[in-house]
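Single-structure report; data block below.
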Amino acid sequence: MWSSIEQIIKPDTLVEASVLLKESGSVIFAGGTYLVSQKDAEIHTLLDINHLLNNQIKIQGEELHIDAGCTLQEIVSFNDQQLNSAILSACPSKNIRNQRTIGGEIARSRTDSDLLVFLYASKTKLILSGSDSLVELSDWNGEGIIEKLVIPPHDVKLERVALLDSAPAYVIVGFTELHDSNTICVGGKTSKILFFQTKSEPDEFAVRKFMDEVEASFTQDHLGTPAYKRQLVSSLIQEMAVAR
């Protein structure tokens, strides 16, 4: 692994893993692609939970149920076109997709992950260890270990702006038209993923407030000003709303 790692522990249960996770310097290890690339010197204990996670994918009713231990490549092989497109944009390398788990992708909370923006926009729900209740991804506080995710059958439109098709996007917008409302999700080179749900006829004040939050989440860099990126987001939302 890397020099700061002192031990690798294989907990007997996810409950035990949750307790050990509270200790300073301990992290969950499943696929491990983010951990290995980051090599955080403050991490000294890896909690290997691969043997505790399932990796099944199945359709129940109209919902797609995916166990947290599924690799991104296993999900691609399941052949859901919208989901696959988001995965391939988020992780172009097949070698990495063969190792990276969907649970790890969510837990990492990478704002420039097309996949994570897709999951937010589709109103994905999580099942956490020790609980049978569903938690909507947009409401999750980051605590607990993800066991399963449930993706409703929504038609998600996803647009990205990047310097290259294979490069991480600096603006990502997800748009979902629901029965009586619309869901908008914004990511990219942002401080956080922004989630907004509005009625089919949106309130102008609420939309302006959300767009102010969008602008504030960007920083000025070689890719442009926050105001410029706000305009990109606005243009993409309008295009997707017209195309519905």
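Brief remarks on what is shown
- Trypsin sites (Lys or Arg not before Pro) lying in DSSP loop within segment 168-209, provided at most 12 other Cβ fall within 10 Å: 192
- Think of segment 113-214 as having a plus end and a minus end, set by charges on the Cβ of Lys, Arg, Asp and Glu; of 170, 210, 145, 170 sits farthest toward the positive end of this dipole.
- Within the chain, the proportion of C-alpha pairs whose separation exceeds 31 Å stands at 26%.
- Backbone N under 19 Å from the residue 51 label point (7 Å along Cα→Cβ), restricted to segment 59-99: 68-70
- Taking the charge dipole of segment 1-124 about its Cα centre, with +1 at Lys and Arg Cβ atoms and -1 at Asp and Glu Cβ atoms, the residue from 77, 9, 124 reaching farthest to the positive side is 77.
- Between the beta carbons of residue 200 and residue 108, assuming R0 = 25 Å, the FRET efficiency works out to 0.15 to the nearest 0.05.
- Charge dipole magnitude, Cβ of K and R +1, D and E -1 - the chain, Cα centre, debye nearest 20: 500 debye
- Here segment 136-165 is scanned for amide nitrogen atoms under 11 Å from the site 7 Å beyond the Cα of residue 62 along Cα-to-Cβ, giving 152-155.
- Apportionment of accessible area to carbon and sulfur, the chain, percent (1.4 Å): 48 percent
- Coarse-grained scattering of segment 158-244 at q = 0.25 Å⁻¹, given as base-10 log I(q)/I(0) from a Debye sum over alpha-carbon atoms: -1.35
- Cα-based Rg of segment 14-120 normalised by 2.2 N^0.38 Å, two decimals: 1.11
- Full extension of the segment from residue 10 to residue 135, taken as 0.36 nm per residue of separation minus the current Cα-Cα distance, would add 42.4 nm.
- Taking the three principal axes of the alpha carbon atoms in segment 45-190, the coordinate ranges are 39, 38, 29 Å, sorted in descending order.
- Whole-percent pair-distance distribution, where bins are 10 Å wide, for the alpha carbons of segment 156-197: 29, 48, 20, 3
- Computed over segment 28-69, relative contact order equals 35 percent, with contacts defined as Cα pairs under 8 Å that lie 6+ residues apart.
- Looking at segment 36-127, the GluC sites (Glu not before Pro) that sit in a DSSP loop and have at most 11 other Cβ atoms within 10 Å of their own Cβ are 42, 62.
- Extension gain (nm, one decimal) between residue 228 and residue 44, 0.36 nm per residue minus Cα-Cα: 62.1 nm
- Convex hull (Cα only) mean projected area of segment 13-71, reported in nm² to one decimal: 5.0 nm²
The values are calculated or read from the model by the stated rules, or taken from the named source; none is laboratory data. These numbers come from a predicted model, not from an experiment. Cβ coordinates were reconstructed from backbone atoms using ideal geometry, including for glycine residues, and neighbour counts include every protein chain displayed. Accessible surface is based on the protein model in full, side chains and every heavy atom, while ligands, DNA and RNA are left aside. Shrake-Rupley method; radii C 1.70, N 1.55, O 1.52, S 1.80 Å.
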